[in-house]
Structure formats: structure tokens, C-alpha cells
Amino acid sequence: MAISENEKNEYDINCRLDMKKFGPRTLEPEDFTITRSEDGFEWFSHDVIMRFYTELYLASSKGTDVIKLECQQWGDGNDWNFTVAEMASALGDYFSFTFEVDN
């Protein structure tokens, strides 16, 4: 479900697409290739709130200016990064993953 920035619950997995150009647009369905991924965590509020994140750098099949999908979730020092399945669930019908193995 798409929500506004003010409605976002930082303790739930939330995701955004980053584009090269600023401004509103309508995106049509397309395939992306993940060119690089990064998982990590950092203290957001020292010793209280930790930000867990996954960044997927994308190459567009249609030449659009989408460059990255970033998902994040707040937690504490006892939490850990979310799984791909949890990220896919948070994205709902807006984004899906297909994994292919190159031989």
C-alpha cells in the first residue's frame, strides 16, 4: 500500500524507489536487473534506535531513470536485518522478485 511520508511507521519495513531526476511521475511495469545489493545497519539514535536497511541498485529494462530500491526498518540492538521474503511482503503488489541463475 502506498502511503505518505507522514503516515509511515518506521518500525515496519518501508521502501522507496530512487530516481535520477526529481519530480512526480507514473511508472509502468518493467523488469529490472539488480546490479548490486547492500545490507546494513546503523545507529539512528545512539544506543536506542537502530536503522536496518537493504539497498538494491537497479538497471532498467526500459531505460527509465529508476536507480535504486531501498527498504528500511527501525529496531534496537536485539533486532536484525529483515529477509527478502519480509521485504517482498512489505512491497505487496507494487514490486515482485524473480530469481534466475546464470549457467
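The values are calculated or read from the model by the stated rules, or taken from the named source; none is laboratory data. As the structure is a computational prediction, the values presented were derived from the model and not from experiment. Ideal geometry is used to build each Cβ from the backbone, glycine not excepted, and the neighbour counts take in all protein chains shown.
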The one condition in (1) more than 12 Å from the chain's Cα centre (by Cα); (2) surrounded by 11 or more Cβ atoms within 10 Å (Cβ to Cβ); (3) modelled with pLDDT under 90 that Phe95 fails to fulfil: (1)
Tell me, which residue of the stretch 52-71 that is touching a residue at least 40 places away in the same chain (Cβ under 8 Å) and not in a loop (DSSP other than H, G, I, E, B) is surrounded by the most Cβ atoms within 10 Å (Cβ to Cβ)? Cys71
Selection from the stretch 11-25 of residues that are in contact with a Lys or Arg (Cβ under 6 Å, 6 or more places away or on another chain) and either within 11 Å of Glu55 (Cβ to Cβ) or surrounded by fewer than 11 Cβ atoms within 10 Å (Cβ to Cβ) (or both): Asp18
Looking only at the stretch 72-88, count how many residues are of a type in the set (S, T, N, Q) and touching a residue at least 12 places away in the same chain (Cβ under 8 Å). 3
For the stretch 72-90 the number of residues that are of a type outside the set (S, T, N, Q) and either in contact with a helix residue (DSSP H, G or I) (Cβ under 9 Å, 6 or more places away or on another chain) or in a loop (DSSP other than H, G, I, E, B) (or both) is 5
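Looking for something exposed (fewer than 10 other Cβ atoms within 10 Å of the Cβ), over 16 Å from the mean Cα position of the chain (by Cα) and of a type in the set (Asp, Glu) - is there at least one such residue anywhere in the stretch 28-40?
yes
Taking the stretch 1-47 as the search range and keeping residues that are among the acidic types (Asp, Glu) and assigned to a strand (DSSP E or B), which one is modelled with the lowest pLDDT?
Looking only at the stretch 1-47, we keep the residues that are among the acidic types (Asp, Glu), and these are 5, 7, 10, 12, 18, 28, 30-31, 38-39, 42, 47.
Now narrow it down to the ones that are assigned to a strand (DSSP E or B): 18, 38-39, 42.
Working: Asp18: 93, Glu38: 94, Asp39: 93, Glu42: 88.
Among them, the one singled out is Glu42.
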